[in-house]
Each structure stands twice: as structure tokens, then as C-alpha cells.
1. Among TYR11, TYR39, rank each residue by its count of other Cβ atoms within 10 Å, from fewest to most, as a rough exposure measure.
2. Name the residues whose placed amide hydrogens come within less than 5 Å of the amide hydrogen of TYR39, ignoring near sequence neighbours (fewer than 5 apart) on the same chain.
3. Run the lone-cysteine check on the chain: no other Cys C-beta under 4.7 Å from the residue's C-beta.
4. I'd like to know which of ASN8, LEU67, TYR39 lies farthest towards the positive end of the charge dipole of the chain, counting +1 on Cβ of Lys and Arg and -1 on Cβ of Asp and Glu.
5. What percent does the relative contact order of the chain come to when contacts are Cα pairs within less than 8 Å and at least six residues apart?
6. Between ILE65 and residues 5 or more places away or on another chain, which pairs have amide H atoms under 5 Å apart, with H built 1.01 Å from N, and which residues are they?
7. In whole Hz, what ³J(HN,Hα) sequence does the stretch 9-23 give by Karplus (6.51, -1.76, 1.60; θ = phi - 60°), x for Gly and Pro?
8. Give the lysines reachable from LYS72 as a straight Cα distance under 26 Å; neighbours fewer than 8 places away on the same chain don't count.
Amino acid sequence: MMKELIVNESYCKGCGMCIWICPFNVLEIDKERINSMGYHPVKIAHPEKCVKCGLCEYICPDFAIFLVEVNKVVRSENK
């Protein structure tokens, strides 16, 4: 199974703890968006760098960022 990183923008207070702990600089504050609480939420700026280590999920005080298991079906074309 694969994992996908999810940010729940409505819970994010933009504290930056996840940005600070990420060893691969995957996340950044989204200065162009404001959530319903009036904060600039975190965005996944570089998803290709994410190794799904879960550090951001563990440190988030608001449970706004998490990894979910996803089933991705890869189809091959028969010729």
C-alpha cells in the first residue's frame, strides 16, 4: 500500500512545526490562502520529495497533517 500526505487546511494554524521538522523541505506556508480561522495554512510544496516518514504528522499540535494509506491501481496497456 502507498501513503499520501494530506493537509486539512481548516485545522491548520500555520504554526510551522511541520515545516521545521521536515528533513526534505516538502512543506511551506501558503501565503496566498487564508483558511476559515484566518490563518495561512501549510501547503505541500514539493510532494515528490516526501518520503512518508510521518514526522510532520507526529509534531502537528492541531492534527491538521497526516498520512493516509491509498490503493492505487496501475493499469498496463495490452498491445
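1. Working: TYR11 17, TYR39 20.
Exposure proxy ranking, most exposed first: TYR11, TYR39.
2. Long-range HN contacts for TYR39: none found.
3. Lone cysteines by the Cβ rule: CYS12, CYS15, CYS22, CYS50, CYS53, CYS60.
4. Farthest along the dipole direction, towards plus: LEU67.
5. Working: 133 pairs, mean separation 33.3, N = 79.
RCO, the chain: 42 percent.
6. ASN8
7. 4, 6, 8, 6, 9, x, 5, x, 4, 5, 5, 4, 7, 5, x
8. Output for LYS72: LYS3, LYS43, LYS49, LYS52.
Read the figures in this text as sums done on the coordinates, not as results from a lab. Here the structure is a predicted model, which is why all the values come from computation and not from measurement. When we count neighbours, we look across all protein chains shown, and the Cβ atoms used for this are built from the backbone with ideal geometry, even at glycine.
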